[in-house]
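Worksheet: one structure, shown below.
The values are calculated or read from the model by the stated rules, or taken from the named source; none is laboratory data. Being a predicted model, the structure only gives us computed values, none of them experimental. Glycine also receives a Cβ, built like all others from the backbone with ideal geometry; neighbour counts cover every protein chain displayed.
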Amino acid sequence: MNYAKTGLLLAAMTGLFLAIGFMLGGQGGMMVAFVVALAMNAFSYWNSDKMVLSMHGAQEVDERTAPEFYDIVRQLADNAGLPMPRVYVMHNPQPNAFATGRNPENAAVAATTGLLETLTPEEVAGVMAHELAHVKNHDTLIMTVTATIAGAISMLANFAMFFGGNRREGGIGIVGTLALMILAPLGAAIVQMAISRTREYAADRMGAEICRRPLWLASALGKIAGAAERIHNDAAERNPATAHMFIINPLSGERMDNLFSTHPATENRIAQLMALAEEWGTPGAASSAVPRAPARRAGPWG
């Protein structure tokens, strides 16, 4: 159901983009819009991971420079049946994380220093399992495509004033142009956010399956959401288009679970994970029955 919904939403966004091209230039405009979309997506396909990691000052680490974190990711990747992704750390006090890359063979996961310093190893495992779920589900590519198309729609809407304002030349008129400039980016943002929210719920569930402890992720989400309200994320504020990639919205003032939220409400996500833990009969997130630190190779999620 999640994949079908995502496919429909992607089709809707692509249709909106082509419709704007048609409104601005007829069939020729629609073809130009289609070519532009292909070119932008091709560029994003090959370069988006490098761009995003650079925007957030992420530095690659290995088993020598960050042994415990690297080992957590390695064991979870084994659990998920994924190739070992590149592992990055962002020097940022806000606890948060994201995944990027065009496919599982070229994936990267990144966590902030705030996350590694604030969360227990079990909670870190829950978060990274969520990010690896995005990799396994190819969400990193899906979200790159939607962000690229949404940006292209906004760009076309800004061009509308130059190409669509004269009715006698086949344009849509000044009223239609103004409506297009306002409504097209809004529609694209709503579709993009709906796709993002759908993928977050799916990644929560698969992440719980990968680490085998839903409450580890539930506990982590509660801590991250609380800290994100207090701790400013300068890199994310400078690059708000990347906000949907993080496990919790890194920007200030966006907590409602509605059409205009890039993420589902944290309370709803935690409730679903708690229900999943009850269904599976799994132990708590940080109970005395669970090891406090991951054992090398074996790990606490085995």
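Okay, here's what the table says:
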quantity: Matching residues, the range 113-138, being under 13 Å from LYS223 (Cβ atoms) and over 15 Å from the mean Cα position of the chain (by Cα); calculated: GLY114, LEU115, LEU116, GLU117, THR118, LEU119, THR120, GLU122, GLU123, VAL124, GLY126
quantity: Evaluation of ASP62 against (1) in contact with a Phe, Trp or Tyr (Cβ under 8 Å, 6 or more places away or on another chain); (2) modelled with pLDDT of 95 or more; (3) under 30 Å from SER252 (Cα atoms) (one fails), failing number; calculated: (3)
quantity: Failed criterion for GLY81 (all others in (1) at negative phi; (2) modelled with pLDDT of 95 or more hold); calculated: (1)
quantity: Of the criteria (1) touching a Ser or Thr at 6+ places or on another chain (Cβ under 8 Å); (2) modelled with pLDDT under 65; (3) surrounded by 18 or more Cβ atoms within 10 Å (Cβ to Cβ), which one LEU215 fails; calculated: (2)
quantity: Scope the range 218-241; condition in contact with a His (Cβ under 8 Å, 6 or more places away or on another chain) and crowded, with 21+ Cβ neighbours inside 10 Å; matching residues; calculated: ALA236
quantity: Hey, LEU82 in a loop (DSSP other than H, G, I, E, B) and over 17 Å from the mean Cα position of the chain (by Cα) or not; calculated: yes
quantity: Close pairs (7 angstrom Cβ cut-off, 6 or more residues apart or separate chains): in a loop (DSSP other than H, G, I, E, B) in the range 54-74, hydrophobic (A, V, I, L, M, F, W, C) and modelled with pLDDT under 95 anywhere; calculated: HIS56/ALA235; GLY57/ALA235
quantity: Among the candidates ALA37, ALA42, residue that is out of contact with any strand residue (DSSP E or B) (no Cβ under 9 Å at 6 or more places or on another chain), aliphatic (A, V, I, L, M), assigned to a helix (DSSP H, G or I) and buried (at least 16 other Cβ atoms within 10 Å of the Cβ); calculated: ALA37
